[in-house]
Amino acid sequence: MKYIEFTTPDGSIYQESKIVFADDLRKCECCEEPYCDICDTHYSDCDCLGPSNAEEEGWSLVERDNVLYAIREVTIEANFKTD
């Protein structure tokens, strides 16, 4: 899965990834199933976020300029050791 990471003015860190639709992918030459060139595998086996699994994996869906994106805040847990 490809995503960009950015920081907002308040210091929050977010990841954003374009949603991949099966209908937008080329067909596999062997079986005609949708094929993801990013992951180099069939769409059903790839790690890209689709419209049905993004929210299940904790991403929010956002539409900009007629393009659907998944976005989530990155939370960093600090482990502090005290003696």
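Nothing in this text is a laboratory measurement; each read-out follows from the coordinates by a stated rule. Model, not experiment: these values are computed from the prediction. Note: ideal-geometry Cβ built from the backbone for every residue, glycine included; neighbour counts use all protein chains shown.
Checking [x] 20.2, 68; [y] 12.4, 35; [z] 16.4, 61 against Rg and Dmax of the Cα atoms in Å calculated from these atoms, the matching label is [z]. The residue among Cys39, Thr7, Ala22 whose Cα reaches farthest toward the positive pole of the charge dipole of segment 1-73, with charges on the beta-carbon of Lys, Arg, Asp and Glu, is Thr7. Under the convention that each Lys and Arg Cβ holds +1 and each Asp and Glu Cβ holds -1, the size of the dipole of the chain around its Cα centre is about 180 debye.
The trypsin sites (Lys or Arg not before Pro) found in segment 1-56 that occupy coil by DSSP, while having at most 13 further C-beta atoms within 10 Å, are Lys2.
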